[in-house]
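Colleague: Take a look at the following structure, please.
The values are calculated or read from the model by the stated rules, or taken from the named source; none is laboratory data. Given the structure is predicted, the values throughout are model-derived calculations rather than measurements. Heads up, the Cβs are rebuilt from the backbone with ideal geometry, glycines too, and the neighbour counts pull from every protein chain shown.
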Amino acid sequence: MPIFSLFQWLDHTPIGEALRSNPVLFPLVSIIHLLGLAMLVGTILMVDLGLLGVGMRRQPVWRVAGELQPFTWAGLAVMLVTGPILLTGEAITMYCNWAFWIKLSFVALAILFYFTAHRRATSNTSSLSRKQMRSVAIVSLALWLCAGLAAKSINAFRQ
Amino acid sequence: MVMGMDISASLLGVCHWLEKTPVSTAIRQSSLLFNAIIAIHTLGIILTVGTIWLVDLRLLGFGLRREPVSDVLQQVLPWTWSGFVVMFTTGILLFCAEAATVFPSISFRIKISLLLLAGLNALVFHKTVYRGASAWKLESPTPARARFAALLSLTFWIGVVGAGRAIAYEVYK
């Protein structure tokens with residue numbers, strides 16, 4: 001099982017050991033992870049509300065999306081760095097937690113959707129209809145919501 | 001000092017009473033309910049803090065530079081308040097569920113203090129500098145006081161989120 005050995009290896013990295021031996025480190029990284037989330041999902045949310053027609057209505061959605069994109073990416077970068085660091089702190093525990101795998105799947109889907117359909121819907125050359133834009137927003141919101149709910153469930157399904 | 005301890009002790013008494021109310025007991029005894037409320041609380045935070053940061057970043061000149069400040073603020077504000085109502089309601093519920101455990105926590109006290117400071121900062125901003133916002137030129141930076149308020153707001157809210165997260169680590173581990 002190559003994935004299991006990968007997780008075993010993660011658990012034994014110096015970072016993982018440092019996270020477990022220092023009681024402040026794990027909470028600190030998890031707080032940075034959460035701040036990244038607020039930035040990532042906060043900005044995507046504003047764009048999605050725009051696509052739904054209930055957000056910033058005085059500006060075209062593509063312009064708001066373009067102006068917020070650096071922050072969305074910064075938030076994503078923070079999460080993609082802190083997430084794996086947190087994982088090394090308890091890799092095997094996460095391997096055995098099915099909520100973790102559900103979260104990972106939804107995160108992957110949400111990121112994929114963001115860089116494909118969402119990106120198309122918010123480009124200034126987008127020719128999507130109102131209805132299509134609305135669907136994109138709903139799918140985007142649903143994917144991030146599911147990722148968040150699964151992440152929250154990780155603690156509830158600890159063994 | 002003695003009076004301070006008296007107040008603290010009687011507040012703790014209130015907390016013990018809060019914990020015993022039927023709603024608190026129900027939340028505390030159901031991990032599903034507790035986690036569901038935390039999830040909704042987090043969603044409220046994302047909405048509130050996300051939109052506040054947007055305004056802060058605009059004031060600092062980092063984001064949404066092509067849109068007037070008042071335009072961004074007015075359109076975002078209903079969402080900030082909606083998020084706040086959700087965050088506040090669920091926050092009260094979560095607090096009541098474990099009031100006596102959470103109340104003495106340092107993280108909790110830091111969080112509430114920062115929350116009050118963030119509120120005060122926003123109030124002062126709205127009542128003073130922001131009054132002249134309609135005259136701000138799009139091509140020039142916002143007034144120094146507005147940028148200072150934005151920096152304070154960013155800092156306070158990062159602190160609120162951080163301290164809030166820390167409550168869990170301080171109390172439950």
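Colleague: Scan the range B:20-48 and report the pairs whose first residue is over 20 Å from residue A:145 (Cα atoms) and of a type in the set (A, V, I, L, M, F, W, C) and whose second residue is at pLDDT 90 or above and surrounded by fewer than 17 Cβ atoms within 10 Å (Cβ to Cβ), with Cβ atoms within less than 9 Å and a gap of 6+ or a chain change.
Modeller: Sorted first by the residue in the range B:20-48, then by its partner, the pairs are B:26/B:33; B:27/B:33.
Colleague: Going through A:126, A:105 one at a time, which residue ends up being modelled with pLDDT under 95 and either of a type in the set (Gly, Ala, Ser) or out of contact with any helix residue (DSSP H, G or I) (no Cβ under 9 Å at 6 or more places or on another chain) (or both)?
Modeller: Values: A:105 fails: modelled with pLDDT under 95.
Exactly one of A:126, A:105 is modelled with pLDDT under 95 and either of a type in the set (Gly, Ala, Ser) or out of contact with any helix residue (DSSP H, G or I) (no Cβ under 9 Å at 6 or more places or on another chain) (or both), namely A:126.
Colleague: Right, something else. Taking the range B:123-173 on its own, how many of its residues are away from every other protein chain (no Cβ under 11 Å) and either touching a residue at least 40 places away in the same chain (Cβ under 8 Å) or among the hydroxyl-bearing types (Ser, Thr, Tyr) (or both)?
Modeller: Here the count works out to 18.
Colleague: Looking only at residues in the range A:132-153 that are surrounded by 17 or more Cβ atoms within 10 Å (Cβ to Cβ), within 13 Å of chain B (Cβ to nearest Cβ) and among the aliphatic types (A, V, I, L, M), which one is nearest to the chain's Cα centre (by Cα)?
Modeller: Checking each candidate, the answer is A:147.
Colleague: Tell me, please, whether a residue that is surrounded by 17 or more Cβ atoms within 10 Å (Cβ to Cβ) and either touching a helix residue (DSSP H, G or I) at 6+ places or on another chain (Cβ under 7 Å) or in contact (Cβ under 8 Å) with a residue 60 or more places away in the chain (or both) can be found in the range B:2-14. Steps first, please.
Modeller: To start, the set of residues in the range B:2-14 that are surrounded by 17 or more Cβ atoms within 10 Å (Cβ to Cβ) comprises none.
No: the range B:2-14 contains no residue that is surrounded by 17 or more Cβ atoms within 10 Å (Cβ to Cβ) and either touching a helix residue (DSSP H, G or I) at 6+ places or on another chain (Cβ under 7 Å) or in contact (Cβ under 8 Å) with a residue 60 or more places away in the chain (or both).
Colleague: Further question on the same structure: Could you tell me which residue of the range A:126-159 is nearest to residue A:104 (Cα to Cα), considering only residues that are among the small types (Gly, Ala, Ser) and not in a helix (DSSP H, G or I)?
Modeller: A:126
Colleague: May I pose another question? Condition test on residue B:54, is it closer than 20 Å to residue A:58 by Cβ, within 9 Å of another protein chain (Cβ to nearest Cβ) and buried (at least 19 other Cβ atoms within 10 Å of the Cβ)?
Modeller: yes
Colleague: Name every residue in the range B:146-173 that is loosely packed, with under 15 Cβ neighbours inside 10 Å and at pLDDT 90 or above, in order of residue number.
Modeller: Answer for the range B:146-173, where residues must be loosely packed, with under 15 Cβ neighbours inside 10 Å and at pLDDT 90 or above: just B:151.
Colleague: At least 3 residues that are within 14 Å of chain B (Cβ to nearest Cβ) and crowded, with 19+ Cβ neighbours inside 10 Å in each: list the helices (runs of 4 or more DSSP H) lying fully within the range A:1-87 that qualify.
Modeller: The qualifying helices (runs of 4 or more DSSP H) are A:25-52.
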